[in-house]
Structures are given as structure tokens and as C-alpha cells.
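Here the structure is laid out as C-alpha cells; the discussion comes afterwards.
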Amino acid sequence: MKIALIGAGSFVFGPSVLYDAIVEHALPGLHLALVDKSKPMVDLMASVGKRMARDASSDVTITVHTEWDDALAKADFVICAAAVQLQARFLKDVEIIDRLSPGHLVTEFGGVAGISYSLRQIALITQLASAMKRLCPKAWLLCASNPLARVCEAASRSGIRTAGFCCNSMGAYGAIGRVWHGRKESFPWPKTREQYQATMAGVNHFTFITDLRDRRSGASLGGVLVDAVTREPSAVGARTAALATETGYYPANGDDHMRDFLVPDASSQPLEMSSHGNAEERDARIKLLTAVAAGTTPVSALLDHRAWERPIDFAAALSAGRATHFHSLNLKNDGQIPNLPRGAFVETPADVDATGVRPQAVELPPSVEKYNRPAAELNQLVVAAGLAGDEKLLKDAVKRDPTILDKKAGWKSLQECLRVNPA
């Protein structure tokens, strides 16, 4: 098996993928082709991978690339976690928005910054898709690049089989543990997941628990959870509690991500890119990676802060028959959510094994569809605008984005963002 990892220099995602492939799954005869524009970072990741391979007595082959053509040739899977100059371009967008549209809510998926970021990422992924069609046309693209639903749909429309990976909705288990048991578990909340089974569905970063069960008794608990957060909204966030009360279903992704899809209110706070790591965190992580590569620090030290997206589980399930259930997987909507637009990327539970990929069918309740359908349609509109370079479609996206209150200022800001930060 050959797996190409685009954006291998990601200092959390990169080593997590290496560990999953080399140590956890110990995939036999594996060729990992690591790609990153930064030669020092891709070399460092290769050294980390080779240290893991030595410790695990693995026969993995690891190659390094700063361009992707050689890495993609005859690949079976392509994992992408890339974003070109993410923080620097984000800061430029923020400066423009603050100047031309003061007070506009800055988020990663929604609004002016979200559209600007989406168009850059769509341009990147369509270039990758074009190269894949030449060099590995049968490969799966396993995507962890944001804005996830838009990036995945752009790749899919370009003719590439695509699956998207996001762990954010699993945070609902953390909320359940806090609300009912006062637990202070950390990700991935194993005690709570062992006790409860939640079915989550919708658009990435805007999913809802459509069914919640006690694993032992089978009792339905979705309504009980909604009642609990209605009584104590501070346990989960004001917007989450309000939406749970209104719809009757618990929104899984929390206030920080729902703001990307809703009309701003007094509780809405602008995005900070801290989740992607600041300079100090990056420096500390690079020092740790260097020590692991040199053999002076155990590999296990990297697992204290790891990525929980699991594309290697998908590759191992399809190619090696290691059946896996994903609590959420982003796939092209071929009817698994029948009341959302066909072709849009949607998030549902899914099972994967050597016979294929089987997303769970989940029909959204009308109160949830009311919110998810506009989000899915806006995603499709932004993707169509990005693929076609169509200014009219972009203007329509600004008009339909609920986070952009001043449409005239929003359009002016977006034009300037695209001039300064072209895709």
C-alpha cells in the first residue's frame, strides 16, 4: 500500500498519522510518501517516522517530497491536511475585515473570512485532484483540511473519491459527561462513550444528536439531555442550550463552531487561530519532535497531544479488511440524509470494511433540517463559485450567509480579501 500525506509538516496531525500507520495498525509493506513545502519540516517528520519504524520493527518505506507528483504516483490513498500560509493569510483577512466591515464576526467557515479561506482551499484541492486524476485516479482522498465540507465537495466534483474526517462532534460526549456525571474527562471521553451511544448527523461543524441511547438498557435519552441543558445552559453554552431548546435536539459542535452558521448575537465571539497553534506552541512541538527523532525522548510523548481524526483507520479498513465504525464521516450525500441536498457533503456515522463504505441513513427532524439545509446549500454555492470563478455566485453567497449582516460592506471586504489573498 502507498499512502501520500500532503501537509506532512503539520506538527500535530503529521506525527499522529505516522503513529497510526506504523505503530497502531502496523500496515505491512507500507510506503509513506511525505509531502510538505517546508523541507526542514518534512525531513523532521520522516526522521520521526523512521524512529517509530525502528521501535516497531516495521518494514515501512518513507520518502520525502516538497512537490506532490512523485508522491502521488500510484498511491492508493492520499491524505490531505494542507493549508497554504493559514495563519498569515487569516491575519490579512482579519485586518481587511476590521477596516472595511467593522464589527463583522470573523469565523473559519462562515462570513467573509470563511468564504475567503474556502476559495483558497478550493483552489488548492482542485489542483491536487487534477494531479490525482493523472497519477493515481483510483485513489481515495482522505481529507482533514478545512473548511472540510467545502474542500471535500470541491474534490468530489473534480472526480475524486473523497472522505472527510473531523472529530469535533465527539465533543458532545464531553458535554454529556459534564451535565449528567460532573466528569472532567478529556478527549476522547472514553467513560462517557462506553456508557452512551449518540447518533450525530448534519453538516460538518453543525451536527445534531438525532438519537441518544444508554448502551446497557437501550433507553432513549435525547429528550432528557435537552431538558437538562435547558435548565442549566451554562454547562454547555448559551447558543447551544437555546438551539437545543428550540429544536428539541442537542447540537453536537458547541457555541464556538455554530457561530459559523447563525446570525450573530451578543454571545458570538470572533475566531482566534489558537486552535492551530501559536509560535511558542509550534517551537515547543518542534523541539519535542526533534528529541523523538534523535531517540532521546520516547515516541509516547507525542501522544499527549495528538490528532483524533483517523484517516488511517479508513485506509486499513478498506485495504486490509480491518472493519471500523466511524462515529462521524463526511461523505457525498447520495441519500444518507435524504432531506439535505444531493451531492453536498454531509456527516453521519459510517461503517467501512473491505467491501466498501456504508454511511448510516439519518433523516433529519424538520426542526434540525431548518438549520442544516441553508448551511448545506451555502456550502454548495461557495464551492460552485470557487470552481467556476463566478463573481455572481460569490455575491449570492454573501447575500445568503447569515453571519454577514451588512451585505454591502461584506462584499467590499471579500473583494479586497481576494485581491490581497488570491486563491
- Neighbour-count ranking [beta-carbon atoms within 10 angstrom, fewest first] of M45, M1, M258: M1, M258, M45
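For D406 and R134 in the same chain, what is the full-extension length gain: residue separation times 0.36 nm, less their Cα-Cα distance, in nm?
Values: separation 272, 0.36 × 272 = 97.92 nm, distance 4.34 nm.
Gain on extension, D406 to R134, equals 93.6 nm.
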- Message: Run the simple label-point estimate for K74 and R215 please: 7 Å along Cα→C-beta, distance reported in nm.
- Response: 4.2
- Selected from L387, L32, L340 as most flexible by GNM, with the chain as the system and alpha-carbon contacts under 10 Å: L387
- Message: Give me the dipole magnitude in Debye, nearest 20, for the chain about the Cα centre, with unit charges on the beta carbon: positive for Lys and Arg, negative for Asp and Glu.
- Response: 480
- Whose amide H sits under 5 Å from the amide H of T207, counting only residues 5 or more places off or on another chain, with H placed in the peptide plane? A252, N253
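What stretch of the chain, leaving out the sites themselves, is the longest with no GluC sites (Glu not before Pro) in a DSSP loop having at most 14 other Cβ atoms within 10 Å?
Numbers: sites that count: E67, E272, E363.
Here the longest run is 68-271.
Using a Förster radius of 41 Å, what is the FRET efficiency between Q195 and K37 based on their Cβ-Cβ separation? Nearest 0.05, please. The partial results should precede the final answer.
Working: r = 44 Å, r/R0 = 1.08.
Approximately 0.40, to the nearest 0.05.
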- Karplus-derived 3J(HN,Hα), 6.51/-1.76/1.60, for each residue of the stretch 45-55, Hz, glycine and proline x: 5, 5, 5, 5, x, 5, 5, 4, 5, 4, 5
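Taking R0 as 35 Å, what FRET efficiency do you get between D227 and K395 from their Cβ-Cβ distance, rounded to the nearest 0.05? Present the calculation step by step, with values, prior to reporting the outcome.
Details: r = 43 Å, r/R0 = 1.23.
For R0 = 35 Å, the calculated efficiency reads 0.25.
Just need the relative contact order of the chain here, percent rounded to a whole number, with Cα pairs under 8 Å and 6+ apart. Mind dumping the intermediate values first?
Values: 821 pairs, mean separation 80.7, N = 423.
Once normalised by length, the contact order is 19 percent.
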- Task: Could you go through the stretch 153-170 in sequence order and give the Karplus-derived ³J(HN,Hα) for each residue, using 6.51 cos²θ - 1.76 cosθ + 1.60 with θ = phi - 60°, rounded to whole Hz, and x for Gly and Pro?
- Result: 5, 4, 5, 5, 5, 7, x, 10, 5, 9, 10, x, 10, 8, 9, 4, 5, 5
- Query: Label E377 and R419 with points 7 Å out from Cα along Cα→Cβ: what is the distance between them in nm?
  - Reply: 3.2
- Item | Where only alpha carbons of the stretch 301-413 are counted, the Rg and the Dmax (Å) | 18.1, 53
- Taking a quarter of the surface of the Cα convex hull of the stretch 67-200, what do you get in nm²? 11.0
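If r is the Cβ-Cβ distance from T63 to R342 and R0 is 51 Å, what FRET efficiency results, to the nearest 0.05?
Numbers: r = 39 Å, r/R0 = 0.77.
With R0 = 51 Å, the Cβ-Cβ based efficiency is 0.85.
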- Query: Where a Cα-Cα gap under 16 Å defines reach, which lysines qualify for K138, not counting those fewer than 8 residues away within the same chain?
  - Reply: K2, K74
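Quote the Stokes-Einstein diffusion coefficient, in whole µm² s⁻¹, for the stretch 116-181, based on the Kirkwood radius over alpha carbon pairs, a temperature of 37 °C and a viscosity of 0.692 mPa s.
On the way: Rh = 13.2 Å.
After rounding, the answer is 249 µm²/s.
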- Values of log10 I(q)/I(0), in the order q = 0.15, 0.19, 0.21, 0.27 Å⁻¹, for the stretch 348-423 under a Debye, Cα-only, solvent-free model: -0.70, -0.87, -0.95, -1.25
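Which loop trypsin sites (Lys or Arg not before Pro) in the stretch 108-160, with loop taken from DSSP, have no more than 15 other Cβ atoms within 10 angstrom of their Cβ?
Taking the stretch 108-160 and a limit of 15 other Cβ atoms within 10 Å, the loop trypsin sites (Lys or Arg not before Pro) found are K138.
Which number do you get for Rg(Cα) / (2.2 N^0.38 Å) in the stretch 30-108? It would help to have the intermediate numbers written out before the result.
Details: Rg = 18.4 Å, N = 79, 2.2 N^0.38 = 11.6 Å.
The value comes to 1.59.
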- Task: Compute the length gained on full extension between A279 and W308: take 0.36 nm times their separation in residues and subtract their Cα-Cα distance, giving the result in nm to one decimal.
- Result: 8.2 nm
- Note on the structure: Computed, not fitted: 222 nm per-residue ellipticity of the chain from DSSP H runs ≥ 4 (each -39500 (n - 2.57)), nearest 500, equal to -14000 deg cm²/dmol
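Any read-out appearing in this document is the output of simple, stated calculations on the displayed coordinates, not a laboratory observation. The structure displayed is predicted, hence computed values, not measured ones. Glycine gets a Cβ as well: all are built from the backbone with ideal geometry, and neighbour counts include every protein chain shown.
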